[in-house]
1. Work out, step by step, the length gained on full extension between D257 and T423: first 0.36 nm times the residue separation, then minus their alpha carbon distance; give nm to one decimal.
2. If you find the alpha carbon centre of region 38-64 and of region 724-749, how far apart are they in angstrom?
3. Run the numbers for A647 and H817: contour at 0.36 nm per residue of separation, minus the present Cα-Cα distance, in nm.
4. Quick one: Karplus J couplings for region 799-815, per residue in order, coefficients 6.51, -1.76, 1.60, θ = phi - 60°, nearest Hz, x for Gly and Pro?
5. How big is the Cα convex hull of region 631-756 in projection, averaged over all directions, in nm²?
6. Hey, what did region 712-766 get for relative contact order, percent, Cα under 8 Å, at least 6 apart?
7. Set the Förster radius R0 to 41 Å, insert the Cβ-Cβ distance between I49 and S749 as r into 1/(1 + (r/R0)^6), and round the FRET efficiency to 0.05.
8. Could you pull the Cα extents of region 458-557 along its three principal axes, largest to smallest, in whole Å?
Amino acid sequence: MKRILFFIVFIPLTSLYAQKTTTVTGKVIESKTGNPIPFVNVVFQNTNIGITTDFDGNFYLKTTQPLPKDSLTASYTGYVKKTKKITIGTEQIIHFELSEEIIALKEIVFKAKENPAFKIIRNSIKNKEKHDKRNLSAYEYDSYTKVELDLNNISQSLGNTTIVNKIKKVLDSIQQMKDEKGSAILPVFFSETISKYHYKKNPLLQYEYILKNHASGPGVNEGSPINQMIGASFQDYNFYQNWVNIVNKEFVSPIADSWKFYYDYELSDTTAIVDNTSCYKIEYYPKRESDLAFRGTIWIDKHTFALKQIDANVDPSANINFIDKIKIQQELQPTTNDGAWLPSKTRVLVDMSEVSANTASMVGKFYVVSKNFVVNKPHPDNFYQRRVVQADTSHEDNKQYWEKSRYDTLTKEEKNVYKMVDTLVQIPIVRTYTEILRGLSTGYINIHKNFDIGPVSYTAAYNNIEGIRIGFGGRTSFNFSRKWEFSANIAYGFLDSEIKYRGQIRYIFNRNPWSEISFIHSKDIQHIWALRENIDFTDLFYTFSKSGTLVKPFYKESNQLTYLRFLGKGKQIKFDYTYEYLNPHSSNNFQYTKTIISDTNTTTTRYSQISISELNAQITFGLDDALISNGNRIRTNINSISTSPRAVITFAYSVGLKILGSTFNYHKFSFKLEKRQKMGVLGLSFFEVNATWIPNKLPYPLLKIQLGSPSPYLYFSYGNNLMSNFEFINDKYIALRWYHSFEGLFVNSIPLIKKTGIRLIFVTNIILGHIAPENFELTKVNKDISVNLKTFNIKPYIEIGYGVENIFKFFRIIALHRLTYINTEEYPNATIFAVKVGYRFTF
């Protein structure tokens, strides 16, 4: 009996323990980009034994159960399912490369009962306030950011060009990267950044201190803006916001308050496990293809209804330019019990399409890991002086530092990318083309380590006074000095035989907060309407202002001393003293009368020259926190890359003092407001309000000459397109400029038109102003001066426009109507309607 019992119990038990274990580890990546794919279902075929890849695409599967097939399957929405053979009963490594699948939008229909995903989404939105990180009084964390930019889809015609062939020859010794079609991928940029990020709610302040970064690519060096734009703060995506800003476009979040208007949902799993957290898994789809909306999957914590994980994709069907695909993947973790959740890992992929058949496309890959979270411990306001500050660690051993400090080890492919990019920047022809592109963007070309020539805008022009005008100049570079900058330019007009020049000295006291002092001495010729405009001489508009027929031109000699300083977050002050001497090219251009009363007689004299001795104070509020320095220059307002741009308000006061040599005593008060505003489903608006008040008696060169249109056919956003230059002059005025893009609204619902990608636009300019009678009398001295001085006394100047933009992705056509100051004796020849063509680069 004992032997029988032994065989009954022990033999099956030994068979069970003899069953072999099958173990598979591996990684799932995207075949086109090599990017890891999280959230992929990896399952032994024909079983329910499986797992989901982690955020970095890794998986680990182990089973002792008998398997019906020796195959492993990887599948995920949006990708073609793939199956690979395995060896049962052994340990093995299996990697998957998945290619994208074109999928149509699903139509989800639920009868009788409500869609079960709706209740979960409603609960998630109901709890948004306590889970949104913006509602913490403060938070901070350590961050590691990795950025890679690659060129791919290099066309055959482009691939046979001299520059590409030379690059290939140099890189032949390095293992080349390929996409799923076997085409070469050329990495052009790679960076790593370790930083500390800080946020404060009230007042809203942000600060990122970059401890260390390494960036390699054409045109990248110390002091480059790119070194300050590769930290974690520039990859901050918060899906608790109703609108998520990407490439300066506003995309609606799948958990936005208006979720039901934009999305359809499907509850695909009620027991999904993500990082030991039990979640609801919900797939979501945009209701309309061309909406700025996402498609993907969200994982919502079953107990708190917080967002645990999200996969968000933007397809080419969305109305954006130059983008084939945007993919954002994010994993979040709680910071307090049932409180706010912060992103622990974020991966972003932006696939930019070819501009033309003879160009390559570009893929940008961004990866952020955050840890060591600290919440609700705010610092004093002065701690957050600037949004981005870079530590000076150039003396440290880079290689040793990164091997010890990076959060994740580099993959074999990433190490190869590093090597390729470092080799690429050393190729002479690449360095040459890099400097050419830099010259086109900044106006300056580097010809020596310490010196740049330029700007391009100063080199040539042609007008009726100077004839052919040529110029030359340059400035010292960031490598020459981090404190001092010297620049000089000279130009000559062959018709007027006059030399024009400009020289500047700048000294930077501090970079955090930024403070500098500068002195400029210059002599040049200007339109009457441009005398008091601050035209940047590095801008191409400077060239336009020196071309064609100059309107009542003046020769202007100027000396200007300026002090600039940033005061905490979003505030800037500027003080300057200016001494200018204005001399009209002809006495018919301008004259004013001056009466001198003495004990014996009264003398009235006409003058043409004006001396200006002016003190100016200016303060600006609401500047974007992300102040980016470019060498020895700083960009003070970059709303275009801000995730939450706010209104920028500037107040200015100027005083002219006879005691310091001015022809006139005067005061001038100015105000300016600029704002980019998301208008929900209606699109995006840009507002600008300007106002000036001059309470003194002055001739018109010192008043506000409203800027008209320089061309009957071209549209300019900075001027009044149906107004002639020198048509309206004011000593007090308020002006509104409004540009609105409907972002594909209306046209997206028209099948044939939506494929063109055009967008409807609306513009309006409104000016209400006045000129005092004494200023009118001061200027009205001879019949040769034709100027409309009695303007805006009763009604405003109004022009409106409507049209389409994004024609061939670059152009816009606008029909314009002038609604006031038309068909009267004073304005018999006013242009009341025009169709103009403009240019605008936008995503």
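Read-outs: derived from the displayed coordinates by stated rules, not from any lab. Note that this is a predicted model, so its numbers are computed, not measured. Cβ placement follows ideal geometry from the backbone for every residue including glycine, while neighbour counts extend to all protein chains displayed.
1. Taking D257 through T423 to full extension adds about 54.8 nm, to one decimal.
2. 56
3. Gain on extension, A647 to H817, equals 58.3 nm.
4. 9, 10, x, 8, x, 10, 10, 6, 6, 6, 6, 10, 9, 9, 10, 10, 8
5. Reported value for the Cα convex hull: 12.6 nm².
6. 37 percent.
7. According to the calculation, E is roughly 0.30.
8. Its Cα atoms span 46, 24, 21 Å along the three principal axes.
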